[in-house]
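Novice: Once you've had a glance at the structure underneath, I'll fire off some questions.
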Amino acid sequence: RANAAGALAVLDALGRATNGRLVVSGEARRRGVATVVWPGRLEEISAFPSVWLDAAHNPDGARALAGELPSIAHGPIFLVVGACADKDVPGILSALTPLARVVVATCAPSPRALDAETLGSLFACSPGAAGCTVLVESEPLRAFARARDLALVAGGTVVVCGSIFLVGAIRAV
């Protein structure tokens, strides 16, 4: 919603900046908002188990995802997380760890990726980790399969996040 509001505000500013020469109609705006697709951003790819993809590769994105999870998650949350070493990983973790029952730390398919073991250690030490089980699986597809299997048994929701690279790899299969 915030992104859509920002895009609409940009269209308003564009109309003003061009003295009305470039105006996007109300109908075109409504159609755009109603049909926009942003792959890998709060994207549901499976209903059973419930599987959501959201890159959430920075603290703001992680907080936005955390804010949406209570309204979209069914049952316990199983996170599959990979992150690049140059990101604010503690900031990402602090937003998401308190919501998860299980975190499967993995290695995002990028040369900039943080290794799964280090990411798992960071999760284990992050605020809110006391009620969360942290598993480490270096290979992203195996990490996803592990979380999916756990979610099937528990009637939970899988959320893949922390890296655009990871989301892209899971989305591809």
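The values are calculated or read from the model by the stated rules, or taken from the named source; none is laboratory data. Predicted, not measured: the structure shown is a model, and the values here were computed from it. Quick reminder, even Gly has a Cβ in these numbers, built from the backbone with ideal geometry, and neighbours come from all protein chains shown. Ligands, DNA and RNA are stripped out before the accessible areas are found, and what is left, the full protein with its side chains, is counted by its heavy atoms. Shrake-Rupley method; radii C 1.70, N 1.55, O 1.52, S 1.80 Å.
Novice: Might you check whether a residue that is over 16 Å from the mean Cα position of the chain (by Cα), on the phi > 0 side of the Ramachandran plot, open to solvent by less than 60 Å² (accessible area, probe 1.4 Å) and free of Cβ contacts under 8 Å to residues at least 60 places away in the same chain occurs anywhere in segment 142-156?
Specialist: So far as segment 142-156 goes, no, none of its residues is over 16 Å from the mean Cα position of the chain (by Cα), on the phi > 0 side of the Ramachandran plot, open to solvent by less than 60 Å² (accessible area, probe 1.4 Å) and free of Cβ contacts under 8 Å to residues at least 60 places away in the same chain.
Novice: A follow-up question, please. Quick one: would you say Cys107 is at negative phi, out of contact with any Lys or Arg (no Cβ under 8 Å at 6 or more places or on another chain) and loosely packed, with under 15 Cβ neighbours inside 10 Å?
Specialist: No.
Novice: Based on what the data block shows, is Val134 assigned to a strand (DSSP E or B), surrounded by fewer than 22 Cβ atoms within 10 Å (Cβ to Cβ) and either touching an Asp or Glu at 6+ places or on another chain (Cβ under 9 Å) or hydrophobic (A, V, I, L, M, F, W, C) (or both)?
Specialist: yes
Novice: Quick one: which of Glu44, Glu27, Glu117 is open to solvent by 80 Å² or more (accessible area, probe 1.4 Å), in a strand (DSSP E or B), among the acidic types (Asp, Glu) and farther than 14 Å from Ile164 by Cα?
Specialist: Of the residues listed, the single one that is open to solvent by 80 Å² or more (accessible area, probe 1.4 Å), in a strand (DSSP E or B), among the acidic types (Asp, Glu) and farther than 14 Å from Ile164 by Cα is Glu44.
Novice: May I pose another question? Among (1) at pLDDT 95 or above; (2) in contact with a helix residue (DSSP H, G or I) (Cβ under 7 Å, 6 or more places away or on another chain), which single condition is Leu141 missing?
Specialist: (2)
Novice: A further question on this structure: Within the set of pairs 6 or more residues apart or between chains, which connect a residue that is more than 14 Å from Asp115 (Cβ to Cβ) and open to solvent by less than 50 Å² (accessible area, probe 1.4 Å) inside segment 71-93 to a residue that is acidic (Asp, Glu) and part of a loop (DSSP other than H, G, I, E, B) with Cβ atoms less than 9 Å apart?
Specialist: Correct list of pairs: Val80/Glu137.
Novice: Cβ-Cβ distance below 6 Å, separation of 6 or more or different chains: which pairs start in segment 97-124 with a residue that is in contact (Cβ under 8 Å) with a residue 24 or more places away in the chain and closer than 17 Å to Glu139 by Cα and end on one that is among the charged types (D, E, K, R) and open to solvent by less than 70 Å² (accessible area, probe 1.4 Å)?
Specialist: Val104/Glu137; Thr106/Glu137; Cys107/Asp115
Novice: So, Ala64, is that one closer than 19 Å to Pro127 by Cβ, within 11 Å of the chain's Cα centre (by Cα) and outside any loop (DSSP other than H, G, I, E, B) or not?
Specialist: Criteria met by Ala64.
Novice: For segment 75-99, enumerate the residues that are touching a Pro at 6+ places or on another chain (Cβ under 8 Å), under 16 Å from Leu135 (Cβ atoms) and part of a loop (DSSP other than H, G, I, E, B).
Specialist: Once the filter is applied, which keeps residues that are touching a Pro at 6+ places or on another chain (Cβ under 8 Å), under 16 Å from Leu135 (Cβ atoms) and part of a loop (DSSP other than H, G, I, E, B), segment 75-99 yields only Gly82.
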